[in-house]
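Just below is one structure, and these are the notes that go with it.
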2 protein chains.
Amino acid sequence: MTPNIDVTHDPALRSWVESANDGTTDFPIQNLPFGVFRHDFEERLRIGIAIGDQVLDCLAAARAGYFDALGPMIVDMLQSWSLNALMSLGREEARAVRGATSRLLRADTAEGTSAATKRDLLLVPMALAGMTVPAEIGDYTDFYASVFHASNVGALFRPDNPLLPNYKYVPIGYHGRASSIVASGTAVRRPFGQTRPADTAPPVFGPSKALDYELEIGAFICGANTLGDPVPIGRAEERLFGLCLLNDWSARDIQSWEYQPLGPFLSKNFATTVSPWIVTTDALAPFRAPAFVRPPGDPAPLGYLTDPNDADHGGFDITLEVLLRTARMREVGAPAVHISRGDFQSMYWTVAQMLAHHSSNGCNLRPGDLLGSGTVSGPEAGSRGCLLEMTRRGAEPLSLPSGETRTFLEDGDEVTFRGWCERDGAARIGFGECRGEIRPAN
Amino acid sequence: MTPNIDVTHDPALRSWVESANDGTTDFPIQNLPFGVFRHDFEERLRIGIAIGDQVLDCLAAARAGYFDALGPMIVDMLQSWSLNALMSLGREEARAVRGATSRLLRADTAEGTSAATKRDLLLVPMALAGMTVPAEIGDYTDFYASVFHASNVGALFRPDNPLLPNYKYVPIGYHGRASSIVASGTAVRRPFGQTRPADTAPPVFGPSKALDYELEIGAFICGANTLGDPVPIGRAEERLFGLCLLNDWSARDIQSWEYQPLGPFLSKNFATTVSPWIVTTDALAPFRAPAFVRPPGDPAPLGYLTDPNDADHGGFDITLEVLLRTARMREVGAPAVHISRGDFQSMYWTVAQMLAHHSSNGCNLRPGDLLGSGTVSGPEAGSRGCLLEMTRRGAEPLSLPSGETRTFLEDGDEVTFRGWCERDGAARIGFGECRGEIRPAN
């Protein structure tokens, strides 16, 4: 399968929604990510597609007949209150919706000329759209796909043996909590939990003192495989609806005490934040990149994880950024500060490998399921995707321009992730933001 | 809160459904467990309540007006295709339905006399009811609450350090997979997976050679807590809709290679089987028992896990049994053989403690969520709840009356769990069965 680069990616395309054409928006007409929103004071959730600083209301557009060419089933699905129905179909149907939306929003098509006259009916200003988690997530799985993150974290906990023997063979993952996934902007309450500050004393129960973020990419699943039927690696990309930003909030003090032998649990499941717009795999086609090149001496992936296309375009060239704004910075009107940058190409395992591995035992992946990539960390000091790594478990506090320091997150700290793709010959597209502010423990 | 023992438990009660009165059925009128079934060739899922060898069709009973006294909301919920709506209410509403059902099925009430004349309308023979997973399970969490299981398994993997230092403080749990939970009777395909048979050679990918069962109790959640709001231990029982049997199928060879550092994943998520009838916490009231008594020297639970009622009735007196029938036994018409017995009272942590711990960081538990207890093992040789323990990781094969031996499960093996409660002065109630047969890898 070669990336599908069609007219919807043409960098010369312009929309009749002017804010989509400024060259800086995350949501030009070449992006068209899907989300679910509530308009102002209305109760009804609707599917939306981001365009510039506006949201195309798919319910309104479908009722006005703009999607009629897609057939009644897809027209119905676009009027649903979640994306799961559309996700239950496949990449091809999502691509058809994307094509129709592109024509509808272009400045130079008959549909666009018509739609522009119905602007008030079809568009909702993004500022008035209350975004929600974009799918009903049946199961959420978190991976651990950055070898740099695994090595950095492993070195802190097991200095003599940072990378476990399975790492280069197994795309390590574990099940996360679906119920506590929240949309960007939702405040995150500092969790209580059991920790053991001193090995010589019993554990204590209280608010976490080592609250952290983890910079990740989330992948939403489309289509379904029957329980017992694996998805071969060569068909894994067909099951990939699109990507978002994901913050796997982590309480490190709870984690280190609870995680053996069955893995992280309460240290993670108090909240996971996702950005509300799913950038489709089709929108990302111009930004495919070779998969990570394993250094000499590393084993090749086993056969069920080997895709001949990986060397060409198994990866995604996505740049990620972490911003921090403390309560004090807000008080004095100082902007959020950049604290690290990530490169999704640096992941040891591709999303397709994670998906194929996940189903290799017959596990059924359902439409709307979410995979987290694991913390995106690179080899450089400025590319560590969590405070645990950045401050070496608190040993090297981070100095902020406000004069403050941080080992872990304080109450009032707001963490924002951004992500974007830029390449010569393509229009820049972005992911919007994944943001959450820490509230004090109850 | 003291156990609520009301007239619905009276051992003298008799039903007009004669098969409920034979003293041996799992489903006398004192039980009345909830399930979801499909009648014969019909598509429509319905809520059912087991009575003897029959199922009370709640849709039919509601339409016939037998639940009218419960009010229109509950009448609506009883006509739903899942139990989640009823579970979204609380224990009190479930108790009201239980009370109304008891009156409806009694031989000595006006409702019962009326209902008996409409037998064909209200009852479906259990043999014709296709049972499904009894709730839409949003999140499934598996615990590790038997100290005997944890010690036995720990000794196999870490002979010098069988029980990790957190065990007696933390009700250890991890998130499982909701999508692959299946109802009793569903065949289980032997999973493929990555294993490392020899430490000196690379791992291989193929069918698991160490397939195992785990004898567990499942607990279904009712009501909801908002994200950020813990459920205090004193109110945890209010969130407990009822219990079922649960088989946490496990591929030990996949597990031992994949589980570090983030816990079991593909070794577990290929299938989890539940018995289809949820025995309500109210039906279990006569069988409450003191929580496990910690041996001298063990720490007391921390405050957030301390319930003054535990010493009196924090536990459940449930006897469990594992039966095995191999393909050869089926061929020669030999019955399944008993291979072990479990006692749910032997668990180190109560279900209420698991639930309170789970929400102690603010994690939201939703109606229909499922908690697994972890393998129920006792101190005696005959009470080990999985083959890993029973055969000491294959070192001591199990001899069967058929002349066969087992280290782990072979294709064609059928594993059945049963569970029941018996006590002087109370009617015996049971859980039905939790059954699955191993099919060959694809």
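The values are calculated or read from the model by the stated rules, or taken from the named source; none is laboratory data. Everything numeric here is computed off the predicted structure, so don't read it as measured data. So basically every Cβ, Gly included, is an ideal-geometry build from the backbone, and we count neighbours across all protein chains shown. All accessible areas refer to the heavy atoms of the entire protein, side chains included, with ligands and DNA or RNA removed. Shrake-Rupley method; radii C 1.70, N 1.55, O 1.52, S 1.80 Å.
Couple of notes before you dig in:
- Hits in the stretch B:420-442 (condition: small (Gly, Ala, Ser), open to solvent by less than 40 Å² (accessible area, probe 1.4 Å) and under 15 Å from residue B:11 (Cα atoms)): B:426, B:427, B:430
- When residues of the stretch B:156-181 are limited to those that are charged (D, E, K, R) and open to solvent by 20 Å² or more (accessible area, probe 1.4 Å), the one nearest to residue B:251 (Cα to Cα): B:158
- Filter result for residue A:346 (of a type in the set (Gly, Ala, Ser), in contact with a Gly (Cβ under 7 Å, 6 or more places away or on another chain) and open to solvent by 10 Å² or more (accessible area, probe 1.4 Å)): yes
- Residue in the stretch A:372-380 that is open to solvent by 10 Å² or more (accessible area, probe 1.4 Å) and of a type outside the set (A, V, I, L, M, F, W, C) present: yes
- Answer from B:83, B:45, B:56 - the residue that is open to solvent by less than 10 Å² (accessible area, probe 1.4 Å), farther than 19 Å from residue B:109 by Cβ, touching a strand residue (DSSP E or B) at 6+ places or on another chain (Cβ under 9 Å) and in contact (Cβ under 8 Å) with a residue 12 or more places away in the chain: B:83
- The one condition from (1) crowded, with 18+ Cβ neighbours inside 10 Å; (2) at pLDDT below 95 that residue B:198 does not meet is (1).
- Within the stretch A:360-413, being outside any loop (DSSP other than H, G, I, E, B) and either without any contact (Cβ under 8 Å) to a residue 60 or more places away in the chain or more than 19 Å from residue A:321 (Cα to Cα) (or both) holds for A:370, A:371, A:381, A:382, A:390, A:398, A:399, A:405.
- Taken over the stretch B:414-434, the residue count meeting the criterion of being part of a loop (DSSP other than H, G, I, E, B) and under 21 Å from the mean Cα position of the chain (by Cα) is 4.
- Odd one out for residue B:158, checked against (1) among the basic types (Lys, Arg); (2) within 25 Å of the chain's Cα centre (by Cα); (3) more than 8 Å from every other protein chain (Cβ to nearest Cβ): (2)
- In the set A:394, A:432, A:419, only one residue is in contact with a Ser or Thr (Cβ under 6 Å, 6 or more places away or on another chain), closer than 19 Å to residue A:283 by Cα and not polar (S, T, N, Q); that residue is A:432.
- When the test is whether a residue is open to solvent by less than 80 Å² (accessible area, probe 1.4 Å), modelled with pLDDT under 95, of a type in the set (S, T, N, Q) and in a loop (DSSP other than H, G, I, E, B), residue A:31 does not pass it.
- Test for residue A:141: is it open to solvent by 30 Å² or more (accessible area, probe 1.4 Å) and either closer than 15 Å to residue A:268 by Cβ or out of contact with any Lys or Arg (no Cβ under 9 Å at 6 or more places or on another chain) (or both): no
- Check on residue B:206, of a type in the set (Gly, Ala, Ser), out of contact with any Cys (no Cβ under 9 Å at 6 or more places or on another chain) and assigned to a loop (DSSP other than H, G, I, E, B): no
- Hits in the stretch B:335-369 (condition: hydroxyl-bearing (Ser, Thr, Tyr), within 11 Å of chain A (Cβ to nearest Cβ) and touching a Phe, Trp or Tyr at 6+ places or on another chain (Cβ under 6 Å)): B:360
- Test: residue in the stretch A:182-194 that is away from every other protein chain (no Cβ under 11 Å), crowded, with 17+ Cβ neighbours inside 10 Å and of a type in the set (S, T, N, Q): yes
- One residue alone among B:153, B:147, B:124 is surrounded by 16 or more Cβ atoms within 10 Å (Cβ to Cβ) and within 13 Å of chain A (Cβ to nearest Cβ), and that residue is B:153.
- Criterion (touching a strand residue (DSSP E or B) at 6+ places or on another chain (Cβ under 7 Å), over 24 Å from residue A:169 (Cα atoms) and not basic (Lys, Arg)) met by exactly one of A:371, A:323: A:323
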